[in-house]
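Reviewing the structure listed below.
The values are calculated or read from the model by the stated rules, or taken from the named source; none is laboratory data. Fair warning: this is a prediction, and the values are worked out from it, not measured in the lab. Neighbour counts are summed over all protein chains in view; Cβ atoms, including those assigned to glycine, are modelled from backbone coordinates with ideal geometry.
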Amino acid sequence: MASYGLGLKREGLSRAERLSRKRDFERVFREGRRLDLPYLRVVYAPNACGRRRIGFAVSKRVGKAVVRNRIKRLLRETFRRNKEIFPPGCDFIFIPRPEVVRLSPQELARDLAEAFQKCSPRR
């Protein structure tokens, strides 16, 4: 996307904020703590890089590709706009259930903030 000198800032997540390696996913699943909500499971574990990173494990049972991609966009946007509610220095894997589609980003952020307040990551 060309900004044509308008000074537009990219608002997406940087590559450094995403989990992409299989070994990182395996480590989080093996060592991580689980946080269950009625429509979402979050598995998280401290990392060595000191920043928050996210990944997704969206089953085909959740829906067709359009639905799965919409869910990932919703979760990515919630994470991007509300990073302060997530413990720093942790990797997060979101495992959504079909019901998550019915939520707004604000409702999702509120529920995640309440859930993470109740628990703290082990170090």
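Tabulated data for the structure shown
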{"read-out": "Filter result (at pLDDT below 95 and surrounded by fewer than 16 Cβ atoms within 10 Å (Cβ to Cβ)) within the stretch 42-59", "value": "48, 49, 50, 51, 59"}
{"read-out": "Single residue of the stretch 70-123 satisfying the filter (among the aromatic types (Phe, Trp, Tyr) and assigned to a helix (DSSP H, G or I)) that is farthest from residue 16 (Cα to Cα)", "value": "116"}
{"read-out": "Answer from 42, 66 - the residue that is more than 10 Å from the chain's Cα centre (by Cα) and not aromatic (Phe, Trp, Tyr)", "value": "66"}
{"read-out": "Subset of the stretch 73-123 (residues that are among the hydroxyl-bearing types (Ser, Thr, Tyr), touching a residue at least 12 places away in the same chain (Cβ under 8 Å) and either surrounded by fewer than 17 Cβ atoms within 10 Å (Cβ to Cβ) or closer than 22 Å to residue 61 by Cα (or both))", "value": "120"}
{"read-out": "Flag for residue 62 being in contact with a helix residue (DSSP H, G or I) (Cβ under 7 Å, 6 or more places away or on another chain), of a type in the set (A, V, I, L, M) and farther than 13 Å from residue 18 by Cα", "value": "yes"}
{"read-out": "Qualifying residue in the stretch 18-27 (condition: surrounded by 14 or more Cβ atoms within 10 Å (Cβ to Cβ), modelled with pLDDT under 95, in a loop (DSSP other than H, G, I, E, B) and within 13 Å of the chain's Cα centre (by Cα))", "value": "yes"}
{"read-out": "Condition check for residue 67: of a type in the set (A, V, I, L, M, F, W, C) and surrounded by fewer than 18 Cβ atoms within 10 Å (Cβ to Cβ)", "value": "yes"}
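Quick grid of which residues meet (1) over 14 Å from residue 37 (Cβ atoms); (2) modelled with pLDDT of 90 or more; (3) aromatic (Phe, Trp, Tyr):
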site: 65; (1), (2), (3): yes, yes, no
site: 89; (1), (2), (3): yes, yes, no
site: 96; (1), (2), (3): no, yes, no
site: 103; (1), (2), (3): no, no, no
